[in-house]
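Worksheet: one structure, shown below.
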Amino acid sequence: MAHDPVLVGTRGSALAVTQTTTVANALSELGGFDVELVRVRTEGDINRAALSQIGGTGVFVAALRDSLLAGDCDVAVHSLKDLPTGAADGLTIGAIPARADVRDALCARDGLTLAQLPEGAKVGTGSPRRAAQLRAARPDLDVVDIRGNVDTRLGRVAGLIEGAPGDLDAVVLAAAGLARLGRLEMVSEFLDPSLMLPAPGQGALAVECRSPDAAEGRLSRALAAYDNNAARLTVTAERALLNRLEAGCTAPIGALASLTETRLHLETVVCSDDGTRVMRRSAATAVLDEDGARALGVRLAEDLLAAGAASLTDLAVS
Ligand SMILES: NCc1[nH]cc(CCC(=O)O)c1CC(=O)O
């Protein structure tokens, strides 16, 4: 070998390894280099306490970033929705590949849809955003707070996974994660974004690298070729909105941008935790570059704040 392999950092969960393998193979193909996976154990994987007690989902990201900065890996692959919106010193997002299905999916017993779930049905989710929108759509549901990886969650649904003692009627998970794990057959309904607006960045991956490495060399060429313009613009708008609201990935906030040939459109929802109050807004721009996307997100966030969004949930707004 003329060159060392490019080291690709990943969390150890089945979903993370699947995602990272896809990314590593694509980069290898585009850049004509060998790749090697580096598994990084994160505090979020080791400590099963409530995420809010150990510093939010940022704990999944911090160890990967440390590993990048220490030179233990050359790129790290994250689920974009788990990546805090603030910049990390010395690091940059080198590529955002084409986005997978952005929707949330209901995985219910007996193939039931949301409308078909019986009154008072128990639906599991660990996400305040999903909980609030579920309650808004079906105030009678018993929304149960759950944690764990995708298979653990699916195992909580009665009769869904053989041998698992299901105690819930349904769970809500990201369609993208289920697809990557080959678990789409568990889905009883793909939830329309008009009912369940996804998390900012849902369905997208981020390939993070050291800032200088994004600018030159074999890795930068592969990253630039792997980057997808529609994914980058939509995710940039969604994250700019979240950032301006100074909210993290655990806030009851949904956002989804879409790109046509002439416009970038952004829709958002802010909910009270109990789902009794819901504020939905949208905006669009004809400026189809990253600055335009960022400006759109900021403008829509400010529109929300002016309309009193901070009274719905705990936004640390300035
Ligand atoms: N917070 C966990 C997480 N982070 C990314 C995904 C997979 C889907 C995606 O890439 O958005 C999931 C699982 C889920 O929400 O069901």
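The values are calculated or read from the model by the stated rules, or taken from the named source; none is laboratory data. It should be emphasised that the depicted structure is a prediction, and the values quoted were computed from it without experimental measurement. Neighbour counts are summed over all protein chains in view; Cβ atoms, including those assigned to glycine, are modelled from backbone coordinates with ideal geometry. We work out accessible area using only protein heavy atoms, side chains counted, and drop any ligands, DNA or RNA first. Shrake-Rupley method; radii C 1.70, N 1.55, O 1.52, S 1.80 Å.
Overview of results
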item	result
Output for segment 82-122, where each listed residue is among the polar types (S, T, N, Q) and away from the ligand (no atom under 16 Å from the Cβ)	Thr92, Thr113, Gln116
Near pairs, Cβ below 8 angstrom, 6+ apart or cross-chain, from segment 90-106 (within 18 Å of Leu184 (Cβ to Cβ)) to any residue that is away from the ligand (no atom under 12 Å from the Cβ) and of a type in the set (Asp, Glu)	Arg103/Asp192; Ala105/Glu189; Leu106/Glu189
Yes/no for Arg130 being of a type in the set (Lys, Arg), within 28 Å of Thr234 (Cβ to Cβ) and surrounded by 24 or more Cβ atoms within 10 Å (Cβ to Cβ)	yes
Leu106, sole failed condition from (1) assigned to a strand (DSSP E or B); (2) exposed (fewer than 15 other Cβ atoms within 10 Å of the Cβ)	(2)
Residues (open to solvent by 40 Å² or more (accessible area, probe 1.4 Å) and polar (S, T, N, Q)) located in segment 204-236	Ser211, Asn228, Asn229
Any hit, segment 137-160, residues being open to solvent by 40 Å² or more (accessible area, probe 1.4 Å), within 30 Å of Leu223 (Cα to Cα) and either among the small types (Gly, Ala, Ser) or modelled with pLDDT under 95 (or both)	yes
Identity of the residue in segment 70-81, within 15 Å of the ligand (Cβ to nearest atom) and not aliphatic (A, V, I, L, M), that ends up least open to solvent (accessible area, probe 1.4 Å)	His78
